[in-house]
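The next block holds one structure in the form of structure tokens; read it before the comments.
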Amino acid sequence: MSEFDRKNPEKFGPASPTAGQAEPASIRVEVTRTYLEISSLTHLVPGQPPSVSATLQRIDPCTVDTWRALYRQIGAPWHWHDRDLWDQGAMAAHLERPNVRVYRVKAELGQAWTDDAGFLELERHSDGSIEIAYIGLDQRVLGQRLGGWLVSQAVQTAFAWGAVRVWLHTCSLDAPAALPNYLARGFLVTRVETYYSTVALN
């Protein structure tokens, strides 16, 4: 999620539930957010090859419906809600920007292939850096060594696009393996902060 989006979520719509809808049960928790970056492709430590066949494919053009489906499927277990309030127009405008690219992971799943095994969004910023805005795998393919492979693919893709550095942030609501994976790939921590977030109870 970009710095601008995180600081200005209200510009994309009201935060209150629609009239007549009950608010879901939730708790307020302290969250640790960690920023990381990798400044050169030479610093990348590639992950082990995955144990299943997989490819990373750009979705071009990416429709709002396709983006939302992948975002919810991949992000729901990890409380991805940053863009829940973006309306169709705001989301479409974002996806049409030339400095935003969206990718999906196609992977072997049993005897067949699935084209929704993972999700990646890259965003180029004015300083020449490229942010890994979203990255994640579907629960069905966890344990197949796809995590290290996907981060490696994301970094390689970003530098091939011309990044002067690649950065992201993760938080303590993310998958437990996320931060260790980034560190193992050669990312360095640049900043750590804490904040409070309201998390819906399942």
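Across segment 117-125, computed HN-Hα scalar couplings (Karplus, 6.51 cos²θ - 1.76 cosθ + 1.60, θ = phi - 60°) run 7, x, 8, 9, 10, 10, 9, 7, 9 Hz from first to last residue, x flagging Gly and Pro. Evaluating 6.51 cos²θ - 1.76 cosθ + 1.60 at θ = phi - 60° for every residue in segment 38-46, the Karplus couplings come out as 10, 9, 7, 4, 5, 8, 5, 10, x Hz, glycine and proline recorded as x. Counting every alpha-carbon pair across segment 35-79, the share separated by more than 18 Å comes to 62%.
Whole-Hz Karplus values for segment 63-71 come out as 7, 4, 4, 5, 4, 4, 4, 5, 4 Hz, taken residue by residue from phi with 6.51 cos²θ - 1.76 cosθ + 1.60 and θ = phi - 60°; glycine and proline positions read x.
Relative contact order for the chain: 38 percent, from Cα pairs under 8 Å spaced at least 6 residues apart, divided by residue count.
What is the dipole size for the chain, taken about its Cα centre, with +1 at each Lys and Arg Cβ and -1 at each Asp and Glu Cβ, in debye to the nearest 20?
360
Over all orientations, the chain has a Cα convex hull whose mean projected area works out to 11.9 square nanometres.
Residues whose amide H comes within less than 5 Å of that of ARG185, counting only those at least five positions distant or on another chain, are absent (H built at 1.01 Å from N in the peptide plane).
When peptides 161-169, 41-49 are sorted by average Cβ neighbour count within 10 Å, with the highest value leading, the order is 161-169, 41-49. Using bins of 5 Å that start at zero, the share of Cα-Cα pairs per bin across segment 106-199 amounts to 2, 11, 22, 23, 19, 14, 7, 2, 1, in whole %. Solvent-accessible surface of segment 46-116, taken per residue with a 1.4 Å probe and all protein chains present: 54 Å². Only one residue of TRP67, TYR195, TYR182 has its Cα farthest out toward the positive end of the dipole of the chain, where Lys and Arg carry +1 and Asp and Glu -1 on Cβ, and that residue is TYR182.
Based on Cα contacts under 8 Å between residues 6+ apart, segment 32-102 shows a relative contact order of 40 percent.
The values are calculated or read from the model by the stated rules, or taken from the named source; none is laboratory data. For clarity, every value in this text was computed on a predicted model and none was experimentally measured. Reconstructed Cβ throughout: ideal geometry from the backbone, glycine too, with neighbour counts over all protein chains shown. Calculation scope for accessible area: heavy atoms of the full protein, side chains included, ligands and nucleic acids excluded. Shrake-Rupley method; radii C 1.70, N 1.55, O 1.52, S 1.80 Å.
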